[in-house]
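The values are calculated or read from the model by the stated rules, or taken from the named source; none is laboratory data. Everything numeric in this text was worked out from a predicted model, so none of it was measured. Quick reminder, even Gly has a Cβ in these numbers, built from the backbone with ideal geometry, and neighbours come from all protein chains shown. Just so you know, the surface numbers come from the protein's heavy atoms only, side chains and all, with ligands and any DNA or RNA stripped out. Shrake-Rupley method; radii C 1.70, N 1.55, O 1.52, S 1.80 Å.
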Amino acid sequence: MMKARHILFNTSWDEFDMGTCKFLVPFFNQYIEFLLFQDHQPKPALTEKMVKAINDIMDLDAKEQGLYFEAFGENSDVKVSEIHIDQEHDVLEGVYCEIIMDMPSAEYMSMIVKDGKIIYLDREGSYLESLKKS
């Protein structure tokens with residue numbers, strides 16, 4: 001389990017206060033860029049839920065990801081573009097993040113993860129707040 005200190009050490013912050021770090025995610029067998037959106041008050045920091053979201057992605061369990069395998073099967077050509085973790089989602093019940101897929105057809109697709117389980121395939125750029133009841 002990664003601690004906030006390790007994540008922050010590996011994160012660079014841009015002029016828009018967006019953090020970027022890259023980790024090997026075993027479930028996808030690829031290095032994936034995590035984009036961290038947070039308040040920066042008084043300085044860059046990660047909330048407990050943001051750290052949990054990163055660890056949930058690192059610990060994705062194939063047995064619990066039926067929705068992923070329904071959509072993609074065992075297709076090893078499917079890759080992840082980036083993962084978004086936003087402090088604004090801390091107000092939601094559960095720990096959320098969004099996995100942005102790199103689709104061969106250039107269509108938009110993301111997977112919404114709640115508490116370490118892929119719960120929704122999004123093709124329309126939905127707001128996570130609309131999934132509160134999930």
Exercise. So which residues in region 5-18 are under 17 Å from CYS97 (Cα atoms) and at pLDDT below 95, if there are any at all?
Worked result: MET18
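For region 23-48, what are the residues that are farther than 15 Å from CYS97 by Cβ and either in contact with a Gly (Cβ under 7 Å, 6 or more places away or on another chain) or of a type outside the set (Ser, Thr, Tyr) (or both)?
In the first step, residues of region 23-48 are kept if they are farther than 15 Å from CYS97 by Cβ; the result is 24, 26, 29-31, 39-45.
Scanning region 23-48 gives LEU24, PRO26, ASN29, GLN30, ASP39, HIS40, GLN41, PRO42, LYS43, PRO44, ALA45.
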For this session: Can you work out which of the residues in region 20-30 that are polar (S, T, N, Q) and open to solvent by less than 80 Å² (accessible area, probe 1.4 Å) is farthest from LYS117 (Cα to Cα)?
Result: THR20
Exercise. How many residues are open to solvent by 30 Å² or more (accessible area, probe 1.4 Å) and in contact with a strand residue (DSSP E or B) (Cβ under 9 Å, 6 or more places away or on another chain) if we restrict to region 31-45?
Worked result: 4
